[in-house]
Structures are given as C-alpha cells and as structure tokens.
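The values are calculated or read from the model by the stated rules, or taken from the named source; none is laboratory data. All values derive from a computational prediction rather than experimental measurement. A quick note on method: Cβ atoms are made from the backbone with ideal geometry, for glycine too, and the neighbour counts reach across all protein chains shown.
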Amino acid sequence: MKYVEVVVEGGSSDTILAIADKVKARDIRLGIVGEDSMRQIRLLVSDDQLQTALDMLQHILGAQPTAQIVVLPVETALPKSEQDKQKKSSATAARESLYDEVEKSAHLDTNYLVLVILSTLVAAIALIENNVAVVIGAMVIAPLLGPNLALSVGTALGDTDLMLKSARTLLVGIFLAIILSALIGYFWQFGEMSNELMSRTIVGIDSVVLALASGAAAALSLTTRLSSVLVGVMVAVALLPPATTLGIMLGKGNWDFALDAGLLLAVNIVSVNLASKIVFYIKGISPRTWFEKEKARKAMRIYLLVWFVSLVILVIFIYTRTTL
C-alpha cells in the first residue's frame with residue numbers, strides 16, 4: 001500500500017476521483033481548496049496499481065506547473081480487506097521508486113570509494129589467509145551491486161545519464177579494487193596460494209550459471225521488494241573476490257592465474273548485467289511515454305546484443321582454454 005498525495009487545481013478534483021476509481025483506491029481524502037485554488041487529495045493505492053495511478057496522474061497533471069505528486073510509504077493498513085489477504089507479494093515496485101533507489105547507488109562519492117577500499121582490504125586478507133568467514137564479511141560490505149543494477153535500470157528506461165553514471169561508478173570501483181589488491185599482492189610476502197584464492201582462478205560454465213542466477217536474483221529482489229541483503233552477498237560473490245584475486249595475481253606476477261581471474265570477473269560482470277536486464281524486461285520496467293519507450297527499446301536491443309555476444313565470446317574462450 002502507498003498513500004499518493006496529489007496537490008492539484010481545485011477544478012481537477014473530479015478527474016482525480018475518476019482515476020482513483022479506475023485504480024480501485026482503497027481510501028480517498030479530499031482537502032479544502034486553498035487561497036491559491038490548489039487542493040490536496042490523498043489516495044490509498046495498492047502496490048500493484050501504483051504505477052498505473054502515477055502514469056495517469058502525470059498525464060493529466062502535466063499541464064499544471066504547480067501540481068505535485070508525492071508517494072508516501074504505508075507500514076500497514078487495518079483492517080485488511082479480502083483483496084489484500086488474497087493478494088500475492090509479487091507486485092512490481094513503481095518505476096519512480098526503482099529509479100530513486102538505484103540512482104543513489106550509482107553516485108561516485110567518498111562513501112562508495114571508502115567501501116570499495118575497505119571491502120577490498122578485507123577480501124584480500126581473507127583470500128590470502130584462506131578465511132572463509134572474513135571473505136563473507138567482505139562480500140557483505142562490497143558496494144558493487146548498486147552500479148550494476150543502476151546500469152540495467154538505466155537501459156530499461158532509456159536513461160543515458162544514469163547508464164553512463166553507473167558504468168563509470170562500476171568501472172572505477174572495479175579498477176580501484178584491482179589496483180589496491182595488486183599493491184597488496186606485490187608487498188605482502190606469503191607462501192603457498194590458499195584454496196580460497198585459487199578457487200577464484202577456476203572458470204567454467206558453472207561460473208556463468210552462478211553469475212546469471214545472481215544477477216536475476218538481484219533484479220528480482222529490487223522489483224519485488226524482497227530482502228536485498230542476501231542478494232547483495234550473491235552479487236558480491238560474483239564480482240569482488242575475482243577482482244581482488246586478479247589484483248593479487250598481477251602483483252605477484254602470476255600472469256596465467258591473473259588471466260583466469262580476469263576471465264572469471266569478465267564473465268560475471270556480463271552475466272550479472274544480462275540476467276538483471278532480462279528480469280527488468282519481464283517485469284515490465286519501462287518509461288512512461290511512447291517516445292521514451294521507443295528510445296528505451298532501441299537501447300535495450302543494443303544492450304542485450306552486446307552483453308549476449310560478449311558472453312558467447314567469453315564462453316568460447318573458456319571452452320578453448322580448458323580443452324587445450
């Protein structure tokens with residue numbers, strides 16, 4: 001449930017009430033018309049009708065420069081209606097809500113850089129010392145999930161600015177992790193390679209399946225409001241450890257192992273982004289207007305083609321490398 005608060009010209013009240021009827025608003029509250037001829041109206045709308053309500057309201061109120069629409073969260077609404085009791089919890093989150101959530105995680109700021117540095121330090125130490133528990137800790141604090149999902153959402157909406165911002169943030173984070181771990185590998189004198197470290201130099205079809213599942217789960221959690229904590233760990237498994245392993249192997253001068261770790265990292269990045277984009281497409285995440293939808297559709301085709309072709313090339317390279 002969400003409370004949709006609309007500030008609109010008083011003469012548009014009947015139109016808003018008609019929209020409320022179409023989306024089966026559970027409750028409607030009409031405020032008084034102010035001295036500026038504006039009126040506040042609140043609609044209690046179910047999650048599965050929220051996107052429809054927002055699209056209709058934006059279309060109607062587009063000609064009113066002083067109109068505003070605000071979506072307010074509702075923790076609970078009592079008593080529960082029979083429709084609420086029978087409704088499944090798989091309603092797709094509203095487009096605007098998704099955008100606000102992923103856009104924040106695409107910012108390249110100090111917090112992001114600090115989290116990358118900290119997670120890389122923790123991951124590098126854990127991999128070298130073969131400490132599984134600490135590896136999990138590094139996965140939890142790794143911030144690489146946000147830019148990946150933001151890139152997919154940006155493509156789904158045809159938002160070039162969000163795509164470029166998220167791609168830059170992701171690349172900076174990965175390169176920072178590789179450079180920092182390379183310095184650790186160069187200056188840290190340790191003996192045999194640990195099992196945790198060596199496991200990130202093994203790449204196969206199972207690695208592709210893992211990354212595809214991680215990306216799909218991450219996108220699904222975002223669109224259905226499921227817990228994103230475990231999903232964040234899954235994506236971190238696919239990205240941070242191989243990036244750190246790549247850096248360590250480069251620092252040690254182990255070029256073959258570095259190539260394998262880099263190949264695993266590339267496979268995982270491509271698979272995560274491809275799977276998440278497919279989920280967003282299936283869930284119907286798209287722009288509001290026809291022109292924006294056409295623009296997003298073209299971007300989506302290019303996006304899917306590039307990632308799919310990249311994945312095929314990587315799989316062929318993996319097969320060739322493992323059979324020689």
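All conditions in (1) farther than 30 Å from residue 126 by Cα; (2) surrounded by fewer than 22 Cβ atoms within 10 Å (Cβ to Cβ); (3) at pLDDT 75 or above hold for residue 288, with the sole exception of (3).
Okay, residues lined up against (1) assigned to a loop (DSSP other than H, G, I, E, B); (2) assigned by TED's automatic domain parsing to the domain that holds residue 284; (3) in contact with a helix residue (DSSP H, G or I) (Cβ under 7 Å, 6 or more places away or on another chain); (4) surrounded by 14 or more Cβ atoms within 10 Å (Cβ to Cβ):
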residue	(1), (2), (3), (4)
13	no, no, no, yes
16	no, no, no, yes
21	no, no, no, no
36	yes, no, no, no
39	no, no, yes, yes
53	no, no, yes, yes
58	no, no, no, yes
65	yes, no, no, no
69	no, no, yes, yes
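Anything in the range 186-197 that is touching an Asp or Glu at 6+ places or on another chain (Cβ under 9 Å) and either free of Cβ contacts under 8 Å to residues at least 40 places away in the same chain or hydroxyl-bearing (Ser, Thr, Tyr) (or both)? List them, or say none.
Taking the range 186-197 as the starting set, the residues that turn out to be touching an Asp or Glu at 6+ places or on another chain (Cβ under 9 Å) are 190, 194, 196.
Across the range 186-197, the qualifying residue is only 194.
So which residues in the range 185-206 are surrounded by 21 or more Cβ atoms within 10 Å (Cβ to Cβ) and either among the aliphatic types (A, V, I, L, M) or within 20 Å of residue 314 (Cβ to Cβ) (or both)? Hits for the range 185-206 are 197, 200, 201, 203.
Contact map, the range 203-227: residues that are within 14 Å of residue 279 (Cβ to Cβ) paired with residues that are of a type in the set (Lys, Arg) and modelled with pLDDT under 80, Cβ distance under 6 Å, separation 6+ or inter-chain. Pairs shown: 223/283.
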